[in-house]
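Working notes, structure below.
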Amino acid sequence: MGTWLARVHFPNGHVRYAKQAAGAGFARQFLPSDFDEVRYVFSKRGAYKKFRALLIRRNVLDSWYDFESKATERALREWRELNSIEVAG
């Protein structure tokens, strides 16, 4: 049996929402005093750049990368399960 690869494209709105949700979750856990600022940042244009600047100021950028990676993996796993998509290998 052969193998094949598929590339799935997500609409930009879904990606933006996922980053916003991950950012809010991170702020709740690691930056509770900045939660309102994070919500405000994600309501405007250029949100990710501003969010990253906040993370650098608070010295938690590496923690964010770890959190974001795990959140992305979890979201993709849930999406695959919801759409009955199995990953081989």
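The values are calculated or read from the model by the stated rules, or taken from the named source; none is laboratory data. Keep in mind the model is a prediction, meaning the values are calculated, not measured. Methodologically, a virtual Cβ is constructed for each residue, glycine included, from the backbone with ideal geometry; neighbour enumeration extends over all protein chains shown.
Couple of notes before you dig in:
- Number of positions in region 28-42 that are outside any helix (DSSP H, G or I) and in contact (Cβ under 8 Å) with a residue 24 or more places away in the chain: 1
- Subset of region 39-75 [under 15 Å from Ala21 (Cα atoms) and among the small types (Gly, Ala, Ser)]: Ser43, Ala47, Ser69, Ala71, Ala75
- Members of region 53-77 that are among the polar types (S, T, N, Q) and in a helix (DSSP H, G or I): Ser63, Ser69, Thr72
- Hey, Arg45 outside any helix (DSSP H, G or I) and either among the small types (Gly, Ala, Ser) or modelled with pLDDT of 90 or more (or both) or not: yes
- Residues that are touching a helix residue (DSSP H, G or I) at 6+ places or on another chain (Cβ under 7 Å), under 22 Å from Leu76 (Cβ atoms) and not aromatic (Phe, Trp, Tyr), drawn from region 28-51: Arg28, Ala47
- Listed by first and then second residue, the pairs with beta-carbon distance under 7 Å, at least 6 apart or on different chains, first residue in region 71-85 and surrounded by 10 or more Cβ atoms within 10 Å (Cβ to Cβ), second in a helix (DSSP H, G or I), are Ala71/Ala22; Ala71/Gly25; Ala75/Ala18.
- If the condition is being within 17 Å of Ala24 (Cβ to Cβ) and among the aliphatic types (A, V, I, L, M), then region 62-89 contributes Ala71, Ala75.
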